[in-house]
Amino acid sequence: MMEIAAPTSHLSLPFFDAAHRELGARLAAWAPRQNVDESDDRRACRQWVRLLGDHGWLRYCVPAAFGGALEKLDSRALVVLRETLAFHSPLADFAFAMQGLGSGAITLAGTPEQQAGYLGAVARGDKIAAFA
């Protein structure tokens, strides 16, 4: 299968910085190398969550205090990650988005017990977050 590079020209816009450009480039290099059979979407989503967790991408969905990659959530980083994932696989984007939506609600409004019990596991891909 031919590999197609994700377009990245939008990352030169002034509201993205060097860290966002580097993040997008790293994910754009990683995503097409993943071999996920998407014929069974439920299994594929679980596999994407596991891969995203194992490779540290889900760490951008939670603050550093709970194992996240950054001190606090960075919506621009989340946009870069989602757009790059969506270019390669809509299911990968969906899996990432659900982790972010579920963990975002817990980050913003969860009790300290909920935050401690779920956020680290979501960042590792050990638990699948939901949003209702």
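List the pairs whose first member sits in the range 85-108 and is touching a residue at least 60 places away in the same chain (Cβ under 8 Å) and closer than 19 Å to D126 by Cβ, whose second member is of a type in the set (A, V, I, L, M) and crowded, with 22+ Cβ neighbours inside 10 Å, and whose Cβ atoms are under 6 Å apart, counting only residues at least 6 apart or on separate chains?
A92/L85
Would you check if E83 is closer than 23 Å to L11 by Cα and acidic (D, E)?
Details: closer than 23 Å to L11 by Cα: yes; acidic (D, E): yes.
The answer is yes for E83.
Evaluate the range 69-78: report whether one residue or more is more than 25 Å from H10 (Cα to Cα), among the aliphatic types (A, V, I, L, M) and either without any contact (Cβ under 8 Å) to a residue 40 or more places away in the chain or surrounded by fewer than 18 Cβ atoms within 10 Å (Cβ to Cβ) (or both).
No; the residues of the range 69-78 include none that is more than 25 Å from H10 (Cα to Cα), among the aliphatic types (A, V, I, L, M) and either without any contact (Cβ under 8 Å) to a residue 40 or more places away in the chain or surrounded by fewer than 18 Cβ atoms within 10 Å (Cβ to Cβ) (or both).
Bear in mind that the values in this text are calculations on the coordinates, not laboratory data. Just so we're clear, the structure is a prediction, and the values are computed from it rather than from any experiment. Virtual Cβ from ideal backbone geometry, glycine too; neighbours counted across all protein chains shown.
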